[in-house]
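Values quoted throughout were computed directly from the atomic coordinates according to the rules given, and no laboratory measurement underlies them. Since this is a predicted model, take the numbers as computed values, not measurements. Heads up, the Cβs are rebuilt from the backbone with ideal geometry, glycines too, and the neighbour counts pull from every protein chain shown.
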Amino acid sequence: MRLSRYFLPVLKETPADAQIASHRLMLRAGMIRQQSAGIYSWLPLGYKVLKKVENIVHQEQQRVGHIPLLMPTLQSADLWRESGRYDAYGDEMLRISDRQGREMLYGPTNEEMITDIFRAHVGSYKDLPLTLYHIQWKFRDEVRPRFGVMRGREFLMKDGYNFDLTKEDAMHAYNRHLVSYLRTYERMGLQAIPMRADSGPIGGDDTHEFLVLADTGESEVFYDKGVTDIKLGERDIDPYDVDQCRGVMEEFTSLYARTDETHDADEFAKVPADRQMTARGIEVGQIFYFGTKYSESMGAEVVGQDGKKTPVHMGSHGIGVSRLLGALIEANHDDKGIIWPEGVTPFHVGIVNLKQGDEEADGACDALYKSFQALGLDPLYDDRKERAGGKFATMDLIGLPWRITVGPRGLKNGVVEVTSRRTGASEEMTPELAIEKIAKIYAEL
Ligand code: 5CA
């Protein structure tokens, strides 16, 4: 993309009402625009990152055998009356009626609807196990929407639902989700720590939240310092291997790590004093096992091997897809702007032409631009007639991990400058080597 033809409405001023860095930077970098409290338009740059995050979530879900589908945002109130949650959900639910006066709602989550799909189409234990998921907009009329996309009213969530014959099978699904979530966050360059949590309106006793440590996080967390040393890394885990998945679950959850909702001061006191940590965190996901809560109330049963009908064991599992953009920026920024991890960057590389209109500089930039495109990479070429300082400030603000600066002086010596956004380090090299270096970084992701 050429910047002169793009739509990148960056703001010069820092928005006064944005209290945390990610909210400020998303507004300043022209990623989002607030349309009403907690409801945002995703401008082209923000939309691009949202799609990248979504794509990683899809890939990691399907890697472990979960099946994508798409359910609507609007749901019928009657479905929620069956589970008893229509009244229980309270003011967070946006209730709507259509022209026939039928009561509808904008889905805050989809346990009821997926259970309805299941009961209509599945009747035998032979069709289990089954995990279905979608990535869809949700609405929760939060009392205090704030911090931009971090606590929105309309937000994008990946929500997945497992259906199993027994509790044991459903716990495997729970553990498999934990493994796949860990990999999802690690691929984005984030460390999200599973912590014992409270299940709230979703229900059930077994639940873990995934928290990214950040001073601006909304949750207070208590943990054994040791949990931050455990990484999934390159381990090859078979999602169908029950023992392997359980092993990962035990490894990641045996040390003390809890949110304030489930914090137990006596248990925490048993952690060696030099490892007791209190911090704040951003909840980027949560997994639940709630057994037969919905299958019993809504009649989602299968015929078992013994010929008898039995309600299925279920869990649900959510990732805050739009919130993740906020979490990613909280974890990756400096005073100049965003620093995107390579896995989610909106463009792979920025090309800055220091002297637009200079035949040689324009030619070199065009050649770089086309070479990156030919390699399947997505460059952003700042071809505007602007001062160098302004171009650098824009690139720093929008946070592309790599920048190539092209100017007549360097070209005289046959070189361009390659700069890392994260370290600020610059290196001069030929355009060919610059292409090779950047292509190699992305090929290794
Ligand atoms: N049905 C279950 C799992 S699918 C569920 O709704 N879980 S949840 O309530 O924990 O939401 C899943 C994730 O969505 C949360 O971990 C969080 O990352 C994200 N989320 C929840 N509320 C908001 C909100 N108001 N704004 C942005 N993201 C949110």
Need the list of lysines near K231 for cross-linking: C-alpha distance under 19 angstrom, and skip anything on the same chain fewer than eight residues off.
none
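Kindly put R196, R102, R323 in sequence by how many other C-beta atoms sit within 10 Å of each C-beta, fewest to most.
Lowest to highest Cβ neighbour count: R102, R196, R323.
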So which trypsin sites (Lys or Arg not before Pro) in the range 1-88 pass both tests, a DSSP loop state and at most 16 other Cβ atoms within 10 Å of the Cβ?
K12
In terms of modelled amide H atoms, which long-range or inter-chain residues lie less than 5 Å from the amide H of F290?
M314, G315, S316
When we measure straight from the Cα of K309, which lysines land under 27 angstrom away, once same-chain ones fewer than 8 places off are left out?
K126, K167, K293
With +1 assigned to the C-beta of every Lys and Arg and -1 to the C-beta of every Asp and Glu, and no other charges, what is the dipole magnitude of the chain about the Cα centre in debye, to the nearest 20?
1520 debye
Determine by what factor the alpha-carbon radius of gyration of the range 235-343 differs from 2.2 N^0.38 Å, reporting the quotient.
1.54
What do you get for GluC sites (Glu not before Pro) in the range 1-79 restricted to DSSP loop and a cutoff of at most 14 other Cβ within 10 Å of the site's Cβ?
E13
May I ask you to work out the translational diffusion coefficient for the range 49-89 at 20 °C, viscosity 1.002 mPa s, via Stokes-Einstein with Rh from the Kirkwood sum over Cα pairs, reported in whole µm²/s?
167 µm²/s
Once Rh for the range 151-200 is found with the Kirkwood sum over Cα pairs, what is the Stokes-Einstein diffusion coefficient at 37 °C and 0.692 mPa s, in µm²/s?
250 µm²/s
Would you mind ranking W42, W137, W80 so that the residue whose beta carbon has the fewest other beta carbons within 10 Å leads the list?
W137, W42, W80
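Rounded to the nearest 20 debye, what is the charge dipole size of the range 252-380 about its Cα centre when +1 sits on each Lys and Arg Cβ and -1 on each Asp and Glu Cβ?
In debye, rounded to 20, the range 252-380 gives about 600.
Based only on Cα atoms, what mean projected area does the convex hull of the chain have, in nm²?
Convex hull of Cα atoms, orientation-averaged projection: 24.8 nm².
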Charges at C-beta only: +1 for Lys and Arg, -1 for Asp and Glu. How large is the resulting dipole of the range 385-427 about its Cα centre, in Debye rounded to 20?
120 debye
Ranking S297, S36 by Cβ neighbours within 10 Å, fewest first, what do you get?
S36, S297
Percent of all Cα-Cα pairs per 10 Å bin for the range 5-135, counting from 0 up to the last occupied bin, reads 10, 26, 28, 26, 9, 2, 0
Would you mind checking K52/K158; K52/K391; K225/K336 for any pair whose Cα atoms are more than 19 angstrom apart?
K52/K391; K225/K336
